[in-house]
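Below is one structure, written out as structure tokens; comments come after it.
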Amino acid sequence: MNPSPPRRPALGVALALAATACFALLDTTSQFVGGVVPVAMAIWLRFLVQTGMTLALLWPGQGRALLHTRMPGWQLLRGALMVTSATVAYLSLQFVQVGAFTAILMLVPLAITLLAGPLLHERVPPRTWWLVLLGLTGAMLVIRPQGEDFQLATLLPLGLVLINALYQITTSRMVRTEDPGTLHFYTGLCGLVVGSVAVMWLWEPLASLQVWVLTGLLGVLGSLGHYFLIQAYQHAPASRLTPLMYAQIGFATLAGWLVFGYVPDGWATAGIALIALCGAMSMRKR
């Protein structure tokens, strides 16, 4: 058995921040190509690149051990949740600006806490229900349904919060026996299989080489983000890294401004701040 690498908390923090930057750029790129690349093509190409990069990054160190799993059924479930998450995220970003989208996803930890009650038989403290209610209020300030201009699709990020919470709960169950690299590989492989079946029926040629490259970049950013996060948790405890995930809101808002010229208005800013505050309060010891 190979010895664990020495833990270096500062490196773990740097890797976690790099991961959040990759995820913010992934969402920004998804929004940029969303209007010209069909969802089936985007999902297929993303997971094609992601699976190839995972093999390139992890196979030299793990070899055939990367393929060993004790939970094939759970791997399929986790992969299905990841494909669903990626698809809903891609569609959501056609209706919600990337900074606001990222802020709403910061409700995932609160959703996990709520679902832990019925799924994991854990007690949900009353404070959590209040934080969820305030977090949803913040999400509504960000989305702000407005009369005739309201589109039901703008609520997709809230559905994505539930999907991602189920994904994280599934992951927490699997990491007890599964290698993180193996989890990442099979998740990408499931996405590639589903995407390949879809494009057999829905193939559409992309407009230019630039569009191909930008769509392939989804896989690069997704793979690097997850790889950096895996490495970060090997160097620093989750309690130190989890608060850093909120840096993704800043990265996504900055990217939205640079790429699309979008600056959150006062209501959206208030909603983002309220979501971040609820998330921070949920991490405090009870």
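Just so you know, all these numbers are worked out from the coordinates, no wet-lab data involved. Because the structure is a prediction, the values reported are computed rather than measured. No Cβ is skipped: glycine too gets one built from the backbone with ideal geometry, and neighbour counts run over all protein chains shown.
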Correct response: the longest run of the chain lacking exposed chymotrypsin sites (Phe, Trp or Tyr not before Pro), defined by DSSP loop and at most 14 other Cβ within 10 Å, is 1-149
Over all directions, the stretch 56-125 yields a Cα convex hull whose mean projected area in nm² is 7.7
Computed ³J(HN,Hα) along the stretch 204-220: with the Karplus parameters 6.51/-1.76/1.60, θ = phi - 60°, integer Hz and x for glycine or proline, the list is 9, x, 7, 5, 7, 4, 4, 5, 4, 5, 5, 5, x, 4, 4, x, 4
Here the alpha-carbon Rg of the stretch 9-282 over 2.2 N^0.38 Å rounds to 0.99
The ³J(HN,Hα) series, computed from each phi in the stretch 157-163 with the Karplus coefficients 6.51, -1.76 and 1.60 at θ = phi - 60°, rounded to the nearest Hz and given as x for glycine or proline, is x, 5, x, 5, 4, 5, 4
Residue by residue through the stretch 10-18, the couplings from Karplus 6.51 cos²θ - 1.76 cosθ + 1.60 with θ = phi - 60°, in Hz, x for Gly and Pro, are 4, 5, x, 4, 4, 5, 5, 5, 4
Least to most buried among Leu107, Leu81, by other C-beta atoms within 10 Å and fewest first, runs Leu81, Leu107
Across Gly222, Gly135, Gly61, the residue with the highest GNM fluctuation in the chain (Cα network, 10 Å cutoff) is Gly61
